[in-house]
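The structure under discussion appears below in the form of structure tokens.
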Amino acid sequence: MGKFMRQLQYQVFLIPILIIYTLFTIYPLIRSFMLSLTNFNGYSKNYDFIGLKNYVRLFADNAIVSGISFTILFALATTVLVTLLAIPLALILDQNFFSKNVLRAVFFFPSIPSGLLLAFIWGFIFAPIPSGILNTFLRESFGMSAQPWLSDPVLAKISTIVVAVWATTGWHAVIYLAFLQSISKDFFEAAAIDGASKWQQIRYITIPLLAPAMTVSVLLLITNGLKVYEIPFALTNGGPGFETHTITQVIVLRGISEAQFGLASAISVIFFLIVLVIGFVQFSLMQKREERMQ
Amino acid sequence: MKRKSLLLIMVMIATMVLSACGGKDSSESAASGAEGGQSKQKVKLSILAWNNESEMKPVLEGFQKKYPHISFDFQFAPPVKDYISKLQTMLLSDSATDIFMIAAENRNEIIDGGHAIDLTDYPFMDVMLDSNKPMLSKDGRTYAFTQNGWVGGWFYNKALFEKAGITELPETWDEFIAVCLKLKEAGIVPIYDTMQDLTQIHSALYGNMVLSQDPDFDEKIFAGEKTFADGWTEVFKVWKRDLIDTKILTSDMIGLTGDQVESEFALGNVAMFFSGPWVMDKLTQVPDLDFGVMGLPGFEKGQSYYVGAPGVGFAVNSKTKNKEEALLFLEYLSSEEGLQLFHEGTNLIITAKGFEAEVHPALQNAYEEGLMQGRIYLPMVTWPRYQEALRNQFVVSTQDMAVGKITPEEAVQAIDKKFIEMENY
């Protein structure tokens, strides 16, 4: 059997997944782009071609502008905070101590329930009324007055980001933990013999060898952050005003609620391009950093 | 080995095909005992509703008893957004149920898209109140049947009113504000409003300030003769001046959910909140909670306004293969038995002709003064177009006003801008 035939033999196995991928990813993408050039309202199959009108409208729409800025803030903030918390957490959970398995489960647990459920529970914690759990705690412990956690423009953004960080840190710590456990102990023993302190071992051995884990974790955080929907929607419903609207919420709002499917498709196309560019740039930078560090 | 596997697969496929055929045969087999003793084909009628299955159970069972050859494939989606998006997906993919509900929020899209059968001339439509028809109609033709309506008002805690020294209910807007301030002085939260929807205070104020003078004002806005600014600016100014600036309503209430407000009222932590018949069951089960329901007073005595609307209507899918059975179900809904069973299951206020409605005593005033005298308003019902887009803009404008980001004039400008934007889409 020739080399070509041998390779072709393996490619055949890709056909089913290629068909599924084309049907459920490529086709909807193309269809979205086509609909973004129309005034399709989501109900009637009779619609007109309106060119780039929807794309022009994007930039005059306050909800879209706010949605883009909050989504980018959310993605960046959660990526930085989760990374800063997950690595130390993974280092602690990697130690050999009595309750390590229980603690790993405890930190991993928040990533299991859906974002909607978590946000619902946190809604009670953040309840802006004096009887809200957090406000009661702050009043009884520090004599603080009730804070509008979900209705002040700044506090609402912070509250949303805090819940997302709380929910995902444990999951990303597990990624780092898996990589940590694959690092050979010999490195640390050799470093210890050479007189390296614990901090130096972390700085010069652990962190560089965690670079591939960081690439994966940061990529997931950025992409999940950009397509966030559930937590801000369930916590603040996008408010006050447009302050915590996310791009995905705007797409649903314009497409489903307001029957402007063409406009929603245009937002989706732009959103797709934003995620593609950010994802590509981030992945390239992280890979270069990975190569440099190793 | 290969042959055995192949044989096994073939047998399995053959079994599946035969069993599928068998299923079809049995579902379509003649059923005896149908009305009139005639044997009829078994039919499965699919329904998508925003009343859940337990609410619909009595009427579905009553219908099945009468027409044993018809069974149901019942689907539920909670109102409003979830229901609308589920129905929209179904309609677009030609997989919508035989019967579905039309609400104020999606009536235009459904009617314009030709998704619902014109029911205007069917005899059972005579039962429907004329005042219920416009919400489910276009150009004088009605596309859904509703037998109910709802009216909501401001639930107030009698004990808290008494504690604050309030002995009489406010009869004018100024008295209403004075009552709120008196409650506040007594250390009681006067009223909770989540501002997560087009607020009911706004709706009732608009009723009192604008519709009382000109009932066709909304029509004029959509005909281009008036703007939202013409009608709503004063409403927003009064709301901001008397409720926001006095801190009776505070911006932190934006973060509350409807459930939290309900439970705060049930716990006696707030004196008033807006709700409707759907909350009666819950509140009446709270021990020692003595409450009443009032309308929002106008500027002169006797001008209270309530919030309310016709209930969502049942429509028949224009692409249904079971049109006859679907119409039979609507006919049953309009019968005395159907109305009674629907009321038993849903506890909604039945407004059909010839049916004496049962209303909770606390809602009696709202029913008589509001619903029956037409002193109710819900913008999404009278707005003929862009209900959801405008509603969303109202919510955003209200929240921005509450946090002090924009003035009432800017809030209304944003709504007019949204309207023009939608007109040009």
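In table form, for the structure just shown:
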item: Shielding by partners - mean other protein chain Cβ count within 10 Å, residues of A:124-130; result: 5
item: Heavy atoms of A:TRP171 accessible to a 1.4 Å probe, total area in Å² rounded to 10; result: 100
item: Relative contact order (percent, whole number), chain A, Cα cutoff 8 Å, 6+ residue spacing; result: 30
item: Hull volume in cubic angstrom per residue (convex hull over the Cα atoms of the range A:4-89); result: 234
item: Cβ-derived FRET efficiency at R0 56 Å, A:GLN181 paired with B:LYS282, nearest 0.05; result: 0.60
item: Accessible area of the protein assembly as shown divided out per residue, in Å², using a probe of 1.4 angstrom; result: 48
item: Nitroxide proxy distance, nm - points 7 Å out along Cα→Cβ at A:GLN95 and B:SER54; result: 5.0
item: Carbon plus sulfur fraction of accessible area for chain B, probe 1.4 Å, in percent; result: 51
item: Threshold 50 Å², the range A:135-169 residues less accessible with all protein chains present than alone (1.4 Å probe); result: A:SER151
item: 1.4 Å probe, heavy atoms, protein only - residues of the range B:245-276 losing at least 40 Å² accessible area vs chain alone; result: B:ASP252, B:GLY255, B:GLN260
item: Net charge, B:ALA352 excluded, C-beta distance under 11 Å - Lys, Arg +1, Asp, Glu -1; result: -2
item: DSSP-assigned coil residues among GluC sites (Glu not before Pro) in the range B:118-211, each with at most 10 further Cβ atoms within 10 Å; result: B:GLU168
item: Pair B:ASP126, B:GLN340: separation of 7 Å Cα→Cβ label points (nm); result: 2.1
item: For B:84-94, mean number of other protein chain Cβ atoms within 10 Å; result: 3
item: Ranked order, B:LEU181, A:LEU150 - accessible area, probe 1.4 Å, largest first; result: B:LEU181, A:LEU150
item: Surrounding net charge for B:SER304, when Lys and Arg each add one and Asp and Glu each subtract one, Cβ distance under 12 Å; result: -3
item: Per-peptide average of other Cβ atoms within 10 Å, ordering B:285-293, A:251-259 highest first; result: A:251-259, B:285-293
item: Surface share of carbon and sulfur [accessible, 1.4 angstrom probe, percent] for the range A:37-292; result: 72
item: Burial ranking of peptide ranges A:88-98, B:366-376 (average Cβ count within 10 Å, highest at the top); result: B:366-376, A:88-98
item: Normalised alpha carbon radius of gyration of the protein assembly as shown [divisor 2.2 N^0.38 Å]; result: 1.12
item: Quarter of the Cα convex hull surface for the range B:242-288, i.e. its orientation-mean projected area (nm²); result: 3.9
item: Kirkwood Rh and Cα Rg combined as Rg over Rh, evaluated for the range B:207-322; result: 1.06
item: Peptide ranges B:347-353, B:119-125 listed from the most packed, as the mean C-beta count within 10 angstrom indicates; result: B:347-353, B:119-125
item: Viscosity 1.002 mPa s, 20 °C: Kirkwood-radius Stokes-Einstein D of the range A:37-292 over Cα pairs, µm²/s; result: 103
item: At most 11 other Cβ within 10 Å, DSSP loop - chymotrypsin sites (Phe, Trp or Tyr not before Pro), the range B:168-226; result: none
item: Residue-span extension gain [A:VAL162 to A:ILE207] - 0.36 nm each, minus C-alpha spacing; result: 13.7 nm
item: Heavy-atom accessible area, 1.4 Å probe, ligands and nucleic acids excluded: residues of the range A:241-256 down by at least 20 Å² from chain alone; result: A:GLY241, A:PHE242, A:GLU243, A:LEU253, A:ILE256
item: Accessible surface ranking that places the most exposed of B:GLU109, B:GLU324, B:GLU344, A:GLU230 first, with a 1.4 angstrom probe; result: B:GLU324, B:GLU344, A:GLU230, B:GLU109
item: Per-residue SASA entry for B:ASP130, accessible area with 1.4 Å probe, Å² rounded to 10; result: 100
item: Solvent-accessible area buried by pairing B with A, both sides, nearest 100 square angstrom, 1.4 angstrom probe; result: 3100
item: Debye log10 I(q)/I(0) for chain B, one point scatterer per Cα, at q = 0.09, 0.10, 0.11, 0.13 Å⁻¹; result: -0.64, -0.76, -0.89, -1.17
item: Approximate spin-label separation A:ALA105-B:LEU289, in nm, with each point projected 7 Å along Cα-to-Cβ; result: 3.8
item: FRET efficiency, A:ILE19 to B:GLU162 (Cβ-Cβ, R0 60 Å, nearest 0.05); result: 0.25
item: Probe 1.4 Å, all protein chains present, accessible-area order of A:PHE187, B:PHE419, largest first; result: A:PHE187, B:PHE419
item: Helical mean residue ellipticity (222 nm; -39500 (n - 2.57) per DSSP H run of 4+; nearest 500) of the protein assembly as shown; result: -16000 deg cm²/dmol
item: Per-residue mean of C-beta atoms belonging to partner chains within 10 Å, peptide A:43-54; result: 3
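The values are calculated or read from the model by the stated rules, or taken from the named source; none is laboratory data. This structure is a prediction, so every number in the text was calculated from the model and none was measured. Cβ atoms come from the backbone with ideal geometry, glycine included; neighbour counts cover every protein chain shown. Note: areas computed on protein heavy atoms with side chains; ligands, DNA, RNA excluded. Shrake-Rupley method; radii C 1.70, N 1.55, O 1.52, S 1.80 Å.
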